[in-house]
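In what follows, a single structure is set out as structure tokens and then discussed.
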Amino acid sequence: MNNKFQRKSSSARRRCFYLAGSFAVALFLPPFSSAGRADDAKSAEITLVHKERSLQPGEAVLVEMQSSQPLQNLHVEAFGRQFPAFPENGKMVWTGILGIDLEIKPGRYAMTVKGAASDGSSVTARKYLQIIGKKFPARHLSVDEKFVSPGKKALARIEAERKKVNAIFASVTPEKIWSGRFEPPVPGKVISEFGKRSIYNGKPRSPHSGVDLKGATGTPIRAPNAARVVLAEDLYYSGNTIILDHGLGLFSYLAHLSEYLVKEGDRVKPGDLIGKVGATGRVTGPHLHWTVRLIGTRVDPLSLIEILGERE
Ligand SMILES: [Zn+2]
């Protein structure tokens, strides 16, 4: 990171305008000290807009950036994380997706765009997001006690699986495998919403980090977008589980399957048959649990569908 650049922010030229329902702020920063350079090459200027269902915990946010010059690279920093961006229509229009994690606290957060122009000079733009709190309702579930108070042997297995899954979610495949919009993996309606506080047999557990979609055992599950299969195995809580790597730190996690029809390393296209709905793991009945992880953040899969809904 170029610190010289950060210090120049006070002399930055700012412009504000209203576009597509969002405020956009362009922040121009010269790549070098204005006193020390004789060349008058104009640095890239970036304007940005963001689109979302709401600025609340568990929401995905689409960030669209327009540069005045072609860029080599660009990313967005927010909530202490670095979200990749990708070019569209050449190197002047870039898109990124941010995740507002399920447990982010309400408040004002900076969203900073950073990158490099084709001449190597740094570019940046900043905007602030006001995150509004959200109260998630509770859900009470009755399951086999082994899923609420697991024994010592089960706890060791749970811990090993947790580490393995977290390592997958912490990885970022530089290739953008997904494209266009996301589609629900089964057509069934939502039977348990994202973010609900989960109380199993009267004991509070982790909040619901995905959506539960209705589906009878054997219902075909289709890839919500293009991906590489990075896990297909039986996990203690999730039962038969598939994790799809859509690239750029975006993952789908599909749980409680009766069977999976793909294996680790497989490439899948949008809509490919990958498994069947079941009732394996910690469940009260057959359904499909779908979690989306984006640079580690837990976001409602339906918010991802919505922000990308009109794209080709
Ligand atoms: Zn679920």
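Structural remarks
- Global geometry of the chain, whether rounded, prolate or oblate, following the gyration tensor of its Cα atoms and the 1.5 cut on a/c: prolate
- Rounded to the nearest 10 Å², the accessible area of Phe194 at probe 1.4 Å: 10 Å²
- Here Asp144 sits with roughly 90 square angstrom of accessible surface, probe radius 1.4 Å.
- Overall form of the range 194-312: oblate. Here a/c, set by the Cα gyration tensor axes a ≥ b ≥ c, is 1.5 or more, and a/b is not larger than b/c.
- Long-range tail of P(r) for the range 142-239 (Cα pairs > 18 Å, %): 64 percent
- For the peptides 284-290, 56-62, the ranking by packing is 56-62, 284-290, with the highest mean count of neighbouring Cβ atoms within 10 Å listed first.
- Beta bridges per DSSP with both ends in the chain, % antiparallel, nearest 5: 95 percent
- Over the chain: helical MRE at 222 nm, DSSP H runs n ≥ 4 each giving -39500 (n - 2.57), nearest 500: -3000 deg cm²/dmol
- Rounded to the nearest 10 degrees, the inclination of helix 152-170 to the longest alpha-carbon principal axis of the chain is 30 degrees.
- Computed over the chain: relative contact order in percent, which uses C-alpha pairs under 8 Å that are six or more apart: 16 percent
- Solvent-accessible area of Met92 with every protein chain in place, 1.4 Å probe, in Å² to the nearest 10: 70 Å²
- Each peptide among 230-240, 248-258 gets the average number of other Cβ atoms lying within 10 Å of its residues, and from highest to lowest they stand as 248-258, 230-240.
- Length released on extending from Thr112 to His140, taking residue separation times 0.36 nm less the Cα-Cα span: 6.1 nm
The values are calculated or read from the model by the stated rules, or taken from the named source; none is laboratory data. Values in this document were obtained by computation on a predicted structure and should not be read as measured data. For neighbour counting, all protein chains shown are included, and Cβ atoms are generated from backbone atoms with ideal geometry for every residue, glycine included. Heads up: the accessible areas ignore ligands, DNA and RNA and are worked out on the full protein's heavy atoms, side chains in. Shrake-Rupley method; radii C 1.70, N 1.55, O 1.52, S 1.80 Å.
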